[in-house]
Structure formats: C-alpha cells, structure tokens
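Okay, so here's the structure we're looking at.
The values are calculated or read from the model by the stated rules, or taken from the named source; none is laboratory data. Note that the structure is predicted; figures quoted are calculated from it, not measured. Here Cβ is always computed from backbone atoms with ideal geometry, including for glycine, and neighbour counts include all displayed protein chains. In case anyone asks, the SASA skips ligands and DNA or RNA and just uses the protein heavy atoms, side chains included. Shrake-Rupley method; radii C 1.70, N 1.55, O 1.52, S 1.80 Å.
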Amino acid sequence: MASIVGVHGIGQQWLGRQQLLAAWGPALGDGLERAAGRRPMFSDLDIAFYGDLFLPARNGATDSVATKSGVPDSVEDLDLDTEEWADLAEALAELVTPAEIAAAAAEVPKGFGRFPRPLQALLAAIDRRYGAAAAVLSIKELRQVRRYLRQPSVREAVDDRVREMIPADCRVVIGHSLGSVVAYELLRRNPGLGVEMLITAGSPLALRMVRDSLRVEALPVPAWVNIRDPHDPVACGGELRTWWPQIRETDEIVVDNGAKAHSAERYLSRRQTGAALLRVAGR
C-alpha cells in the first residue's frame, strides 16, 4: 500500500500523533476493506501533527500561536474580538441562504442573548440547517482557519511542522478540515514532493474567506479527490472543482456521514475514500 500521510483538522491540540493514528488507522482500514471487498493489505499511514502549536500559553506568557484555553459549549462562551466576529460572520453567511436567515430571525426572541439580532438569526439558521451546535462547530473551525491564514507566525509554524513530517516516499496526502488547507499549501509550495494524490475531506477551501487568502492555482499532483457531506457545514462551499478545475467531475464525491457529518473517521471509513487509495496502490 502507498505511503500515506494524514493532515488533521482543528481541535486536536490536546491530543497527539499517536492518538490520531489510533483513530485514523482503523477508519481508513475500514474504507479500504469496503472498497476492496476483502481484508486489505494496509500499512504506512502517518499523521503530520501540528495541533500542539495551538495549545494555550503557559504561565501568562504571550504566544502568537497559542489559543485561549477552554472548549466552548455554546456561542455565548466564545471569546472573539470585534474583528474576528466581522470576518467570521461574513464567512458564516456562506453556510445558509438569506431565506433561511429570515426564517430563523422570526423565531429569535427579542432581547435574547448578547449578540445583535442579525447575528443571532444567522447562527440560528446554521443550527436549523446543519443540526444542533453546528454554529459553534463552524465558528471554532473557521476561527482556527482564519488564524492560520491571517497570522504569518501561525502559518509558518504549521507549514514548517507539516513539511518536516512528509517522507520522501509519500504518495498520498489526506487533509481533513483545516488540514485540507494546510495540505493544499504544502503541495502548492513544494512541487517536487512527488505526491501522486491529494484527498481533501470536509474541506473549507471553497469558502470565500479561505480562497481570498490563498493563491488559487493548479496543484502539482496527478490526482485530487474531494469528499464532502452536504450536511457538513465546514464543506458547505460545495464542489472545489469550481475553483480548481483540475479535479475531475468523478473525483468530486458526495457521502453521507450521518449525525457526525464533519467527523474525520466517518470520512476516512467511506468506501469512496478506500477506492481512491486503491487507485494509487494499483499503479
């Protein structure tokens, strides 16, 4: 089996490479087994881990890469400044339609919450469309994506870490969530890596906030497979081939991940993910 490197998404700072391997390995093995119809020969998966770069600062020290501690359970718990809210609200508006926002606005009680009613309506519309807590997930995701894209120190630290963890024999890179953006930048900036396939899953690359902060250009890879669940708010931008026509129509794959639409393990365990990997394995 091809040498595969996974690039994880947000919220992994409290975990580590070994813990992610313990989750990604079996999930990817299941995807391969479903695609092959038999027990596959599967090895050589590694994780390019950078989550610890987002750990909170210790002892009061400032750290341009670290985030504040705590895992917010609701939008009210999120500690965002005015500039962050402005940027994220624009990005969040891509997740739903004006009609959905208007419908949600009619149900928002007057005087409820500490946010302006238009923002409350937007967040409520996201939850109505994608499920409970979808707004929190989307904000947490896009906030870390925004930090990676807008803060040079964060971007440089993440890029350097991931580049160091790509072996010379790597043939497939799998990027989930923010990891798909990191993987895109890795391959765009390092055309000599020799990677044969990029698989993006649950990717926010199609969102305007992301595209406006990247150089949108063809990648030096023979194959790019994009897998998304229509109920995944992070991948709500739709087909990536709109912006990257090198992706073949048949390589824009829609799956159903059930109640955990954005789950990395659900994406990896899909038959379509395994089928994409088998294409490389057969070369």
Matching residues in the stretch 130-170 - criterion: being among the hydrophobic types (A, V, I, L, M, F, W, C) and surrounded by fewer than 15 Cβ atoms within 10 Å (Cβ to Cβ): ALA132, ALA133, ALA168
Unmet requirement for GLU107, which otherwise passes all of (1) surrounded by 14 or more Cβ atoms within 10 Å (Cβ to Cβ); (2) in a loop (DSSP other than H, G, I, E, B): (1)
Hits in the stretch 234-267 - residues which are without any contact (Cβ under 8 Å) to a residue 40 or more places away in the chain and touching a Ser or Thr at 6+ places or on another chain (Cβ under 7 Å): ALA235, ASN257
Filtered residue count, the stretch 228-278, keeping only those that are under 22 Å from GLY11 (Cα atoms), open to solvent by less than 30 Å² (accessible area, probe 1.4 Å), in contact with a Leu (Cβ under 9 Å, 6 or more places away or on another chain) and modelled with pLDDT of 95 or more: 3
Residues of the stretch 148-185 classified as in contact with a Ser or Thr (Cβ under 6 Å, 6 or more places away or on another chain) and assigned to a helix (DSSP H, G or I), total: 3
Scope the stretch 1-11; condition farther than 18 Å from VAL172 by Cα and open to solvent by less than 40 Å² (accessible area, probe 1.4 Å); matching residues: ILE10
Residue check for ARG143: among the charged types (D, E, K, R) and within 18 Å of the chain's Cα centre (by Cα): yes
Tally of residues being of a type outside the set (A, V, I, L, M, F, W, C), open to solvent by less than 10 Å² (accessible area, probe 1.4 Å) and touching a residue at least 60 places away in the same chain (Cβ under 8 Å) across the stretch 182-224: 2
